[in-house]
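**Student:** Have a look at this one before I ask anything.
The values are calculated or read from the model by the stated rules, or taken from the named source; none is laboratory data. Since the structure is predicted, the reported quantities are computational estimates derived from the model, not experimental observations. Reconstructed Cβ throughout: ideal geometry from the backbone, glycine too, with neighbour counts over all protein chains shown.
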C-alpha cells in the first residue's frame, strides 16, 4: 500500500470501516442493541465515587459518604446497592460511626440530552446497619450529659430562653436516642433524610454514567440510541424501540 502525508494508519482505517459498517447495520435494523454486564456497569460507576452527602442534625455534624456502588439486575429489575459510611460528631466527639448498606430500586433511563444513563423512578427499599470493626456507638449517660451544654452552647448567647425552645428539645430528644443503646434506632431516625438525600442526588445525576465517546459502541449509542432496559441479567442499549 502506498503511503503519504495523509495516509491513515492501518488500524485507524480498519476502525473507521468497522464503525461505518456497524452504523449501516443499525440503520438497516440488523443490529438492534448491545449489552453491558453488572460487572462492567460497576466499573463505570466507580468514577463518581466517593460521594459525600451532608446530613442536617439538631446539633453537631453528620455525613453519609457513599464509598462504593454495585448494580444488580435480578428478574429484569435495576437495583443499586450503596456501601456507605455514616458519621455523627457533636462537640468534637464521634458519637456514631457505622457502615451502612442502602438498597435502591429503579428503572434505567437514557438521558439523551446529557448522553448519560440514569436510574429513574427510584425508591429506597432497605437501609441496613453493618456490624463490623468500623462501628462506633457512644451511649454513656455521663458523656451525653456533658455534650448537651456544648451542643447548644452556641445558641445560649442568642436567647436565654433556648432551654424552653424547640432547639433544646430537639437536641435532647436526639441525644436520648443514644441513651437507648439501640444502634439501629439512631439509624432509623436518620432514614427519612438519608432516603430523601439519596433519591434527590440520583435524580440530579449524581450517579449518572456518562457515555464515553472514545468507545465506538457508546459513541454510536449517543448518536443513534433510543432507550435502555434490563433483560436476562444485562443492561441492553437499544438502537430501535
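**Student:** Taking the range 75-93 on its own, how many of its residues are more than 19 Å from the chain's Cα centre (by Cα) and more than 17 Å from residue 129 (Cα to Cα)?
**Tutor:** The qualifying residues number 7.
**Student:** Now for a separate question. Go through the residues of the range 203-218 one by one and say whether even a single one is within 26 Å of residue 122 (Cβ to Cβ), part of a helix (DSSP H, G or I) and at pLDDT 90 or above.
**Tutor:** Looking through the range 203-218, at least one residue is within 26 Å of residue 122 (Cβ to Cβ), part of a helix (DSSP H, G or I) and at pLDDT 90 or above.
**Student:** Based on this model, can you work out whether residue 184 counts as within 22 Å of residue 79 (Cα to Cα), modelled with pLDDT of 90 or more and either in a helix (DSSP H, G or I) or within 27 Å of the chain's Cα centre (by Cα) (or both)?
**Tutor:** Taking the combined requirement at face value, the residue does not satisfy it.
**Student:** Before we move on, is residue 199 crowded, with 20+ Cβ neighbours inside 10 Å, under 22 Å from residue 123 (Cα atoms) and in contact with a strand residue (DSSP E or B) (Cβ under 9 Å, 6 or more places away or on another chain)?
**Tutor:** no
**Student:** Would you check if residue 144 is modelled with pLDDT of 90 or more and in contact with a helix residue (DSSP H, G or I) (Cβ under 6 Å, 6 or more places away or on another chain)?
**Tutor:** no
**Student:** If you don't mind, there's one more thing I want to ask. Among what's in the range 230-241 and is closer than 18 Å to residue 113 by Cα and at pLDDT 85 or above, pick the residue that is surrounded by the fewest Cβ atoms within 10 Å (Cβ to Cβ).
**Tutor:** Step by step, filter the range 230-241, then rank; the result is 238.
**Student:** Here's something else I'd like to know. Can you name every one of the strands (runs of 3 or more DSSP E) wholly within the range 25-72 that holds 3 or more residues which are modelled with pLDDT of 85 or more and closer than 22 Å to residue 134 by Cβ?
**Tutor:** Output list reads 51-55, 61-72.
**Student:** For residue 90, only one of the following conditions fails: (1) at pLDDT below 95; (2) crowded, with 21+ Cβ neighbours inside 10 Å; (3) in contact with a strand residue (DSSP E or B) (Cβ under 7 Å, 6 or more places away or on another chain); (4) over 19 Å from residue 44 (Cβ atoms). What is its number?
**Tutor:** (3)
**Student:** Restricting to the range 202-215, name every residue that is farther than 11 Å from residue 104 by Cβ and within 8 Å of the chain's Cα centre (by Cα).
**Tutor:** Within the range 202-215, just 206 meets the criteria.
**Student:** Yes or no: residue 127 assigned to a strand (DSSP E or B), at pLDDT 95 or above and touching a helix residue (DSSP H, G or I) at 6+ places or on another chain (Cβ under 8 Å)?
**Tutor:** yes
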